[in-house]
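Colleague: Just dropping this structure here.
Every read-out reported here was derived from the displayed coordinates using simple, explicitly stated rules and does not represent laboratory data. Predicted model only: the values in this text are computed from it and were never measured. Don't worry about glycine lacking a Cβ; one is built from the backbone with ideal geometry, like all the others, and counts go over all protein chains shown.
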Amino acid sequence: MRLKGLNNKKLAAILGLTEVHVSRLKNTNIKAIRLDTLNSLCEVLECEPGDIIKRIP
């Protein structure tokens, strides 16, 4: 996000999410993410899903 000049507010606006949702995605151990949200994040940030999420056994 930093490299793209995005903060939570800007990213939320682009993705059509709330700032709270973006904050939770960044800072909380969420149990699920919608695939369309993950896809949109990857498009905006120009990355792959593995750059954003990791599996915790």
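Colleague: At 7 Å along the Cα-to-beta-carbon direction for both ASN39 and GLU19, put a label point, then send me their distance in nm to one decimal.
Modeller: 2.9 nm
Colleague: Assuming 0.36 nm per residue, please report the length gained on full extension of the stretch ALA32 to ASN7 beyond their Cα-Cα distance.
Modeller: Numbers: separation 25, 0.36 × 25 = 9.00 nm, distance 2.21 nm.
Additional length available on full extension: 6.8 nm.
Colleague: Moving on to the next point. Based on the Cα coordinates of the chain, what is the per residue volume of their convex hull in Å³?
Modeller: Numbers: hull volume 4.8 nm³, N = 57.
For the chain, the hull spanned by Cα atoms encloses 84 Å³ per residue.
Colleague: Of the trypsin sites (Lys or Arg not before Pro) in region 8-53, which ones lie in a loop per DSSP and count no more than 12 other C-beta atoms within 10 Å?
Modeller: Working: sites: LYS9, LYS10, ARG24, LYS26, LYS31, ARG34; in loops: LYS31, ARG34.
Here the sparse-neighbourhood loop sites are LYS31, ARG34.
Colleague: Helix-derived [θ] at 222 nm for the chain: sum -39500 (n - 2.57) over DSSP H runs of at least 4, divide by residue count, nearest 500?
Modeller: On the way: 4 runs with 32 residues, N = 57.
Roughly -15000 deg cm²/dmol at 222 nm, from the helical runs in the chain.
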